[in-house]
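Participant: Pasting in a structure now, in structure tokens, and then I'll have a few things to ask.
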Amino acid sequence: MVQGSVFWSALAGRAAQAVVVAVVVGIVSFAMMQALPGDAAYRIAAGRYGYDMMDAASANLVRAELGLDQPVLVQLMSWLGSLVQFDLGKSAVSGSPIIDELKTQLGHSLLLAGAGLLMSLLIAIPVGVMAGLKPGGWFDRFSMAASIFFRAIPAFAIGVLLILGLAVHTKLFPVAGFKGPEHLVLPALTLGLGLAAVSSRVIRDAVSEAMSAEWRLFSRTKGLSSKLTLWRHVLRNAALPVVAYVGVQLAYLIEGVVIIETVFAWPGIGHALVHAIFGRDVPMVQGTALALGLLYVVLNLIIDLICHGIDPRRRVKV
Amino acid sequence: MWWGAIGTGPFAVDKFTPPQSVSLKRNDDYWGEKAILETASYLASSRAETRALLAESGDADLVFNLDPSGFAHLKTVDSVAVSADAIPRVVSLKLNASHKFLDDARARQALSMAINRQGIATAITRFPEASATQLFPPVLSEWHDDDLKPLTNDVEAAKKLLADLGWKAGDDGILTRNGERFKLLLRTFPDRPELPLIATALQSQWGEIGVELEVSVSSYSEIPKGHKDGSLEVALFARNYGLTPDPIGTTLADFGKGGGDWGAMGWDNAKVAEALDKISQTSDAAVRTENIAIVTKALQDELPLIPVVWYQHTVSVAKDLKGYVVDPLERNYGLSKVSWGK
């Protein structure tokens, strides 16, 4: 079967990609951490003990404990050796296994990113389709203005405004934290508004292009109603660039929402990565970078498969 | 789980999600007076804006470390009571007293006189009464000495002291001596958000007496590191002298022989070291008082550290929460004593 072989070759290609990504990301992140200025032992001691407790003596204890005085190559080889046994090691700062930290942080990031993306689609699809059906109309111009507005305001400000409006004054949602689903609403909405600002325009362009395509004229000429044309042909064609774009957004979301995580005191991988870099927590940086790299591969695979499903032309081997 | 919380306190850990939160439940087997609350949870929020909003909305019943604008705003919110309590934490400048520009006590005195502490305490930390007149704040009553001549702001006197040391203003107003510009690098860190602001205020105030100050905001570990390798010139930080119940633990480490990572650098005063040794070995009040006076006088005269402002610990407490007491040593949240009441 042609369809099956394309599917499996895509899967095999991505699997090979994953291995390459893992090795390259691990080595590059290690090399970059080595290149950073400052003494890692001091930074790790700072992360562990806080400014009231850390001093040169504690930094020297950290150096001895973690073997930071060993040759760089020895340290890298020991990480790679553990990696092939699927052991990501322990955080230099907290001492907990990296895998546990990733489960918490990446899990919360995925949840927030997924909810944010869902929120953005709920806003962007109706707005984009409506604007694209009548380019240049009043709704198109209005949504353009709204899109510029939400794109121009920093996410931090949107977050604080939403907190003021929906949490402090009306008490509909909690201000910050991550205990239950109610805590997810405001950060997801903050994310969703920022994302929808751009994706609604992408959807609008895709829809307006599809609406003026020759094949649309043909489907109308052959007798399909305007509604059927929209559902059967326009949306399907417009979906392709949108799905690809959403895939890129999702990848950006998972690691790029540090500010929103901080405002809402939400644990997340972006936050963890930034702290790990400040704290020179090399195993944590490597583990996080590795998880993010592999996530990109998986996302690409999922996007490929969805586009495969939408576009029948891709299923035929050329 | 990788962690095991072993303890004998009034609360036991229920759920732990580092680095962000801990949930506690009452330890009914506690040997001492049992806690009143059944559960409690902590949320770490690194943004001061978020902390103030958590207090205002009622999501958090106790909020620590408010920024000045959040503190001012919460005063107008009916559901919470805010308080600012003096604690033994002091924002100070650590000077490398073996640096060739700073090895004369007069140079350090001049730098101290150039600081408008009142201005910094009013505009940045917003507690004007907490501008430091000596290193140890009044809350450390045994170490605070009312008889000491307070540190003052006198730009003209500062200029004169530096002129006596051979410094002359160059074309751009910066002092020079033997062809060298009076230029210093100050290291500080952003974990306490007011520190970089105070650093830039100092930059401008020292600029008035012709001292060029470059500010580097980085990890606080750069301060002990610079102390160790001798590269440190000036550092700005907030030191808590109440880390040990008797401040002698911290002062001995900071000002004893050889100085300390967070204390004196390149400054050795045999009389001070001897006095600190005596204090650490006795509980005789008279001996302590006599020797503490030797220490505080020497610190005030020779300024191995230049105090800038004393610290206020800001807290917002829900009005219905009873029994909360601020711990000036910042070690206890006092949760075992609090309860809900009218």
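Each value in this text was obtained by applying a stated rule to the coordinates, not by laboratory testing. These figures come from a predicted structure and were not determined experimentally. Note that we place each Cβ from the backbone using ideal geometry, even for glycine, and neighbour counts take in every protein chain shown.
Participant: Can you tell me how the protein assembly as shown classifies by the Cα gyration tensor, rounded, prolate or oblate, using a/c under 1.5 as the rounded cut?
Facilitator: Verdict is prolate for the protein assembly as shown.
Participant: Follow-up question, since we're still on this one. Could I have the simple spin-label model distance between A:V28 and B:E33, label points 7 Å from Cα toward Cβ, reported in nm to one decimal?
Facilitator: It works out to 6.0 nm between the two label points.
Participant: Sort A:M119, A:M77 so the one with the fewest other Cβ atoms within 10 Å of its own Cβ comes first.
Facilitator: The fewest-first ordering by Cβ neighbours comes to A:M77, A:M119.
Participant: Rounded, prolate or oblate: pick one for chain A, where a ≥ b ≥ c are the square roots of the eigenvalues of its C-alpha gyration tensor, a/c under 1.5 means rounded, and failing that, prolate if a/b is larger than b/c, else oblate.
Facilitator: It comes out oblate by the Cα gyration axes.
Participant: Here's something else I'd like to know. Give me the net charge for the shell around A:F150: Cβ to Cβ below 15 angstrom, other residues only, Lys and Arg +1, Asp and Glu -1.
Facilitator: That sum, taken over residues with Cβ under 15 Å, equals +3.
Participant: Moving on. As I understand it, the value is the acute angle between the Cα axis of helix A:282-310 and the longest principal axis of the Cα atoms of chain A; what does it come to in degrees, rounded to 10?
Facilitator: Value to nearest ten degrees: 20.
Participant: In addition: Which stretch or stretches of the stretch B:146-170 have amide N atoms under 14 Å from the point lying 7 Å from B:T122's Cα along the Cα→Cβ direction?
Facilitator: Of the residues in the stretch B:146-170, B:153 have backbone N under 14 Å from the label point off B:T122.
Participant: Within the stretch B:62-148, report the trypsin sites (Lys or Arg not before Pro) that DSSP leaves as loop and that have at most 16 other Cβ atoms within 10 Å.
Facilitator: Hits after loop and neighbour filter: B:K75, B:K100.
Participant: Treating the angle as unsigned and between 0 and 90°, give the value, to the nearest 10°, between the Cα long axis of helix A:2-35 and the longest Cα principal axis of chain A.
Facilitator: 40
Participant: For B:M265, list long-range residues whose amide hydrogen, built 1.01 Å from N in the peptide plane, is under 5 Å from its own amide hydrogen.
Facilitator: B:L95, B:A97
Participant: Further, regarding this structure: What list do you get for B:E290, A:E101, B:E233 if you sort them by fewest beta carbons within 10 Å?
Facilitator: B:E290, B:E233, A:E101
Participant: Can you put B:E49, B:E33 in order of Cβ neighbours within 10 angstrom, beginning with the fewest?
Facilitator: Fewest to most other Cβ atoms nearby, the residues stand as B:E33, B:E49.
Participant: Here is a follow-up. Could you tell me the calculated FRET efficiency between B:S339 and B:D268, based on Cβ-Cβ distance and R0 = 45 angstrom, to the nearest 0.05?
Facilitator: It comes to 0.30.
Participant: Let me know the shape class of the stretch B:191-342, please: from the alpha-carbon gyration tensor, a ≥ b ≥ c as square roots of the eigenvalues, rounded when a/c is under 1.5, otherwise prolate if a/b is greater than b/c, or oblate.
Facilitator: It is oblate, given that a/c is not under 1.5 and a/b is not larger than b/c.
Participant: Using Cα atoms only, what is the angle between the long axis of helix A:182-211 and the major principal axis of chain A, expressed in degrees (0 to 90) to the nearest 10?
Facilitator: Around 40 degrees separate the two axes.
Participant: Between B:K319 and B:D229, what length comes free when the chain is fully extended (0.36 nm per residue of separation minus the Cα-Cα distance, one decimal in nm)?
Facilitator: Gain on stretching B:K319 to B:D229: 27.4 nm.
Participant: By DSSP, what percent of the beta bridges with both residues in the protein assembly as shown are antiparallel, rounded to the nearest 5?
Facilitator: Once the DSSP bridges in the protein assembly as shown are tallied, antiparallel ones form about 80 percent.
Participant: Tally Lys/Arg at +1 and Asp/Glu at -1 over every other residue whose Cβ is under 13 Å from the Cβ of A:S94; what's the total?
Facilitator: Taking every other residue near A:S94 into account, the sum is -1.
Participant: If you take every residue apart from B:A35 with its C-beta less than 11 Å away from the C-beta of B:A35, what net charge results, scoring Lys and Arg +1 and Asp and Glu -1?
Facilitator: Once all neighbours under 11 Å are counted, the net charge is +1.
Participant: In whole Hz, with x marking every Gly and Pro, tabulate ³J(HN,Hα) for the stretch A:231-245 from phi via Karplus 6.51 cos²θ - 1.76 cosθ + 1.60, θ = phi - 60°.
Facilitator: Coupling constants for the stretch A:231-245: 5, 7, 10, 5, 5, 5, 5, 5, 5, 4, x, 5, 4, 4, 5 Hz.
Participant: Where in the stretch B:197-222 is the amide nitrogen less than 19 Å from a point lying 7 Å along the Cα-to-Cβ axis of B:I174?
Facilitator: B:199-217
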